[in-house]
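First the structure, in the form of structure tokens, and then the observations on it.
Where a number appears in this text, it was derived from the coordinates with a stated rule and is not lab data. Since the structure is predicted, the reported quantities are computational estimates derived from the model, not experimental observations. So basically every Cβ, Gly included, is an ideal-geometry build from the backbone, and we count neighbours across all protein chains shown.
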Amino acid sequence: MLLPLERPIMSVAHQMRPIRKPLRIATMLLATAIALVSYRYLADVGPMPSTIVANLFARPWLLVHVAGASTALLIGSVQFSGALRSRWPQVHRILGRVYVLGCLVGGLSGLVLAFGSTAGPIATAGFGLLGVAWITVNVQGWRYALLRRFPEHRGWMIRSWALTLSAVTLRVYLPLVPLLGLPFLESYRAISFLAWVPNLIVAEAYLRGWRLPGLQAAPVGGSILNAVPRLV
């Protein structure tokens, strides 16, 4: 059974109001830029990173992953706009379907690529769990949309966007490894978790309003840990 969340979305959003707009703009720009740059793999433009080339399942699964994940990243950067939902709800629904499809394709292909990683079982576990989590939250979000339970739908899609943004955090962390003089292999294994676990924690904190006093309960979809058993 899914457990209700303990605190409402809007109260936490109110606390984040001073930084919300600049953060959203920066996130949109980064997500759009990374998605567009990643599409170059589909056109076979430019060399692939060595970590990707070494993957046992890079072809054809990398191209499948790029097509799905980059599309989700590109659409997600505008899909959470309140103006889009209120003024053009039909566009929001169409883009939402494409977004979820991109996430599912990206998650499934990412799961395959995780098992082809040559960085060892830790990296396989990190990226593999990301694939499972990404698929789970999108299936839940889609299910609640079909049930027209939109507060729960929104909660799961916020989790989905947090996991989609692992593409951004991954590319923030990787350049820091040589800059800080860290060993690449060990750092890459850590990044396989750091790229998405903190994102999901931030999303949960936002949804639940952790450590904010005086807030009442709001059912926005439960926990990802409750949802996983439904899908296995």
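Simple spin-label estimate for Leu36 and Ala83 gives 1.9 nm between the two label positions (7 Å along the Cα-to-Cβ direction from each Cα).
Among Trp196, Trp88, Trp61, the ranking by other beta carbons within 10 Å of each residue's beta carbon, starting with the fewest, stands as Trp88, Trp61, Trp196. Take the Cα of Arg59, step 7 Å toward its Cβ, do the same at Gln90, and the gap between the two points is 4.4 nm.
Ranking Met48, Met157 by Cβ neighbours within 10 Å, fewest first, what do you get?
Working: Met48 15, Met157 27.
Ascending number of Cβ neighbours within 10 Å: Met48, Met157.
By the beta-carbon count within 10 Å of each Cβ, the least crowded to most crowded order of Tyr188, Tyr173, fewest first, is Tyr173, Tyr188.
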